[in-house]
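Novice: Below is the structure I would like to discuss, written out as structure tokens.
A short reminder: the numbers here are calculations on the coordinates, not readings from a lab. These figures come from a predicted structure and were not determined experimentally. Cβ placement follows ideal geometry from the backbone for every residue including glycine, while neighbour counts extend to all protein chains displayed.
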Amino acid sequence: MNIQKTFTILCGVFFLWSNFIYDNPAVASLPLCGMFGKLPSSQKGKIMKKASKEHTPLRIALIGGTHGNERLGIEIVSHWSHAIPFETPHIIEPMIANQKAVDSGLRFIDYDLNRSFGKNSTPSGYEAERARELTEKISGNFDLVIDLHTTTSHMGFTIILPKTDPLSRRAALYLKTHFPDITIIESLRVDENSLFISALAPSGLLFEIGPVANNIVNTQLLLTLNTILTKLLTWDFGEINVPKSWYYYKIVDYLYYPKEGGPYYIHPEREGKDFVAVKHGDPLFIDLNGKTLVYEGEEFYPFFINEAAYRLSRIAMYTSKKMEGWKE
Ligand SMILES: [Zn+2]
């Protein structure tokens with residue numbers, strides 16, 4: 001084989017490879033996010049047809065530090081504040097929501113900022129002031145809010161929807177089709193009843209990523225979040241492949257630690273098993289004498305199990321029901 005022929009073949013191979021990588025940026029980064037695989041063939045379904053032109057370019061508020069001790073979002077926002085590190089059709093404004101809490105390494109200063117928005121909120125102190133400023137800045141000026149959180153619970157990559165509008169749902173489902181291990185949850189209070197900063201624009205996504213301790217950067221989770229956000233923000237929010245069959249979780253309520261006796265702790269058999277159904281008779285709590293309390297009632301799907309931020313309010317976990325996914 002002469003040199004010219006070898007060169008031609010090599011160029012061809014490189015061309016095919018580069019096109020594959022270009023069309024599959026998630027594949028290119030898969031070694032960085034081992035928990036995700038390619039879309040299984042069973043999830044390939046019909047094309048969701050929605051006009052994207054009306055939404056492109058979107059004005060997107062990318063928010064970190066709504067809780068000052070949740071570092072992944074703070075790292076992304078701080079990094080991207082200098083320059084967005086990819087080509088995007090959208091106008092993206094990274095912002096730190098609660099700088100004072102970030103500087104102190106605290107969830108909040110006076111009141112939980114992510115319960116400080118909307119008509120039903122009753123914020124106080126510094127966060128009441130920040131909520132007013134952020135509402136003025138975001139309402140009417142952005143199409144989509146993406147708010148980045150972490151959790152000490154074993155929730156993996158989770159998107160909580162504070163909105164029921166088509167664009168929010170499409171965006172969450174788009175990411176799920178590319179990263180099937182993402183879990184989608186619909187919030188307890190949605191749309192005008194939401195207390196979240198992510199409900200300030202017509203569309204909103206709240207990311208919960210864990211487990212990671214407060215004030216800690218888990219590098220693998222950070223790299224994967226970077227990959228997921230890049231995938232989302234380089235997309236035109238147009239057509240997507242709707243999986244034939246998929247599920248999301250609808251928040252129902254909170255489950256509190258028992259008031260009587262104890263103190264009780266999450267039973268070791270339940271620890272870390274977010275989104276694994278709790279059935280009648282399952283061990284749920286245990287005290288230091290080894291007394292186990294089993295669950296009595298209808299099956300539910302738990303998450304935020306043993307979340308550090310909910311310890312003081314005695315919430316042991318959230319309860320949810322598994323729902324058939326929407327088709328468009
Ligand atoms: Zn948070």
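Novice: Mind putting a number on the dipole of the stretch 251-322 about its Cα centre? Charges go on the C-beta only, +1 for Lys and Arg and -1 for Asp and Glu, and I need it in Debye to the nearest 20.
Specialist: I would put it at about 120 debye.
Novice: Follow-up. So if I place +1 on the C-beta of Lys and Arg and -1 on the C-beta of Asp and Glu, and nothing else carries charge, what would the dipole magnitude of the stretch 42-246 be about its Cα centre? I want it in debye, nearest 20.
Specialist: Taking the Cα centre of the stretch 42-246 as origin, the dipole is about 680 debye.
Novice: A further question on this structure: Check which residues have an amide H placed less than 5 Å from Thr183's amide H, if you skip close sequence neighbours.
Specialist: Phe157, Thr158, Ile159
Novice: Sticking with this one: State, as an integer percentage, the relative contact order of the stretch 251-322 based on alpha-carbon contacts under 8 Å between residues 6 or more apart.
Specialist: Worked out over the stretch 251-322, it gives 39 percent.
Novice: Now for a separate question. Starting at the first residue of the stretch 266-273, write each ³J(HN,Hα) from the Karplus equation 6.51 cos²θ - 1.76 cosθ + 1.60 with θ = phi - 60°, in whole Hz, x for Gly and Pro.
Specialist: Result, rounded to whole Hz: 4, 5, x, 6, 9, 3, x, 9.
Novice: Using a Förster distance of 30 angstrom, determine the FRET efficiency expected from the C-beta separation of Ser124 and Val217, and round it to 0.05.
Specialist: 0.50
Novice: Okay, next question. Residue-wise, which Karplus ³J(HN,Hα) couplings in Hz belong to the stretch 197-213, taking 6.51 cos²θ - 1.76 cosθ + 1.60, θ = phi - 60°, and x for glycine or proline?
Specialist: Karplus values, whole Hz, x for Gly and Pro: 5, 5, 9, 6, 9, x, 10, x, 10, 10, 8, 10, 10, x, x, 8, 5.
Novice: Further question on the same structure: Read phi for every residue in the stretch 281-294 and hand back ³J(HN,Hα) as whole Hz from Karplus 6.51 cos²θ - 1.76 cosθ + 1.60, θ = phi - 60°, with x for Gly and Pro.
Specialist: x, 6, x, 10, 10, 8, 10, 6, 8, x, 6, 9, 10, 9
Novice: Amide H neighbours of Phe285 under 5 Å, counting only residues 5+ apart in sequence or on other chains, H built in-plane at 1.01 Å?
Specialist: The answer is His267, Leu293.
Novice: In whole Å, how far is the Cα centre of the stretch 286-316 from that of the stretch 112-128?
Specialist: Cα centroid of the stretch 286-316 versus Cα centroid of the stretch 112-128: 27 Å apart.
Novice: 5 Å is the cut-off here: which amide hydrogens, built 1.01 Å from N in the peptide plane, fall below it relative to Trp246, excluding neighbours closer than 5 in sequence?
Specialist: Gly325
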